[in-house]
Every structure is written in C-alpha cells, then in structure tokens.
Amino acid sequence: MEEFIENIKMLVNTLGHKVFDKKREFNRKQKQEIFFIKAARGADGQGEPTSDGFVVFKNSKAAVTIVTSTSPSFVIYRQKLIKEGVLVEKEDHFEFSDDYIFSSPSTAAVMVMGRNANCLTEWKNKDGKSLKEFETSDKLVI
C-alpha cells in the first residue's frame, strides 16, 4: 500500500500538482520580478513567478468574501487555506500568514481576489506591465 501511495505522489507531482507537499519553500535569493494585484473587498497581494508556480508573499491581503460565480473547486480550496491557517481572517480582509506557493498564477489570483480572474492581465509589476507582457517580452525573438 505504501508503494502505491508513493507512486501516486510521484505521478501527481510530475504532472505539476504539489498537493501532497506540506509546505513548499522557494529561494528568495533568486528574486524574479515582483507582481501586484488589487481588487475590491480588501484584496491587495504581492508575489512572483517561480519554477513551481506562483508564490504569494506573507502579509498579502485576500478579499474577505468571494463572489457567487467563483468555481466550486476554488471555494473548497480557499476554505482549505483558511482551515490550515494560510489565510487568517482580519477585520476587513484575509491575510497570508506566510509565503504560499500556488501551482499557477491563476489560482493565486483567484485566492487573493475572491473571484475568477485572468492572471495574465491582473498581476502587474511596479511599472504596470502585466504578467503576460512580462512573459512575452522575456522571450527571445529569433
């Protein structure tokens, strides 16, 4: 049985889903571009892309409520983050208790904003350049 579980963990991790990791660390020494996201209901997050996905920084603020059109799987995931203490309720928002790595910038944006979001246009750097603009300008043109 243990071997079966280990095989499942390896397969799921290989597919890019880090669901079995207790806490995922990232290397702050290799700073990427920092991105910001702001929205109604108290959302005010900061983070950066990593090789594992997208890290939202400690003390980032997440919307206190979620909109009704939010995907049920995101609602369940958000409740899990609250239950685990990743998102801590404050007066008018939730706050990230620690840096947290999401499997994608889209999931990070949804958790911060409390609504479905297009991560490529919502996350912006200090110069106002979107994640999409940043990623395409970072590619070499041959």
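The values are calculated or read from the model by the stated rules, or taken from the named source; none is laboratory data. If you're wondering where the values come from, they're calculated on a predicted model, not measured in any experiment. Counting neighbours? That spans all protein chains shown, and the Cβs are built from the backbone with ideal geometry, glycine included.
In a residue-by-residue description of the range 79-89, the property of being farther than 22 Å from Thr136 by Cα, in contact (Cβ under 8 Å) with a residue 12 or more places away in the chain and in contact with a Gly (Cβ under 7 Å, 6 or more places away or on another chain) applies to no position.
For the range 39-65, the set of residues classified as over 18 Å from Ala117 (Cα atoms) and either hydrophobic (A, V, I, L, M, F, W, C) or at pLDDT below 95 (or both) consists of Thr50, Ser51, Asp52, Phe57, listed by residue number.
Residue by residue through the range 76-100, note down the ones that are among the polar types (S, T, N, Q) and within 19 Å of Asn116 (Cβ to Cβ). Show your work before the answer.
Taking the range 76-100 and keeping what is among the polar types (S, T, N, Q), we get 79, 97.
Gln79, the sole residue that qualifies.
Scanning the range 93-111 for residues that are within 8 Å of the chain's Cα centre (by Cα) and among the small types (Gly, Ala, Ser) returns Ser103, Ser104, Ser106, Ala108, Ala109. Examine the range 84-92 for a residue that is within 14 Å of the chain's Cα centre (by Cα), buried (at least 16 other Cβ atoms within 10 Å of the Cβ), modelled with pLDDT under 95 and not aromatic (Phe, Trp, Tyr), and state whether such a residue exists. No: the range 84-92 contains no residue that is within 14 Å of the chain's Cα centre (by Cα), buried (at least 16 other Cβ atoms within 10 Å of the Cβ), modelled with pLDDT under 95 and not aromatic (Phe, Trp, Tyr).
Of all the numbered requirements in (1) within 13 Å of the chain's Cα centre (by Cα); (2) modelled with pLDDT under 90, Phe36 misses one, and that requirement is (2).
Taking the criterion of being in contact with a Leu (Cβ under 9 Å, 6 or more places away or on another chain) and either exposed (fewer than 12 other Cβ atoms within 10 Å of the Cβ) or of a type in the set (A, V, I, L, M, F, W, C) (or both), the only residue of the range 66-83 that qualifies is Leu81. For the range 91-126, filtering for residues that are closer than 14 Å to Gln46 by Cα and free of Cβ contacts under 8 Å to residues at least 40 places away in the same chain leaves 3.
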